[in-house]
Amino acid sequence: MYSPRIDEGLIPKLYCIAKAENVPMTKLVNNLLKKATDNVKVAKKIRTEETAMPKETYVIQGKERA
């Protein structure tokens, strides 16, 4: 599973917020990400025209490029 790193500049602020809320940083970050992504709809497209192997791409619905 892909595990992206949190920007080092965000850590001190997240740490302070987590301490103020009395929750672990992982729970805080999970809650923030959930709130930020709740209303985002993602669609998977499979393209085959460029190569013999299908290539999966993901787009945010409503923001597709032509």
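Peptides 28-34, 56-62, 2-8 ranked from most to least packed by the mean count of surrounding Cβ atoms within 10 Å: 28-34, 56-62, 2-8.
Placing a pseudo-label 7 Å from each Cα along the Cα-to-Cβ vector at Leu32 and Ala20 gives an inter-label distance of 1.2 nm. Counting only residues at least eight positions apart within a chain, or on another chain, the lysines with an alpha carbon under 26 Å from that of Lys55 are Lys41, Lys44, Lys45, Lys63.
Taken together, the values in this text are just the output of simple stated rules run on the coordinates, not laboratory data. Bear in mind that the values here come from a model prediction, so they are computed numbers and not experimental data. Backbone-built Cβ (ideal geometry, glycine too); neighbour counts: all protein chains shown.
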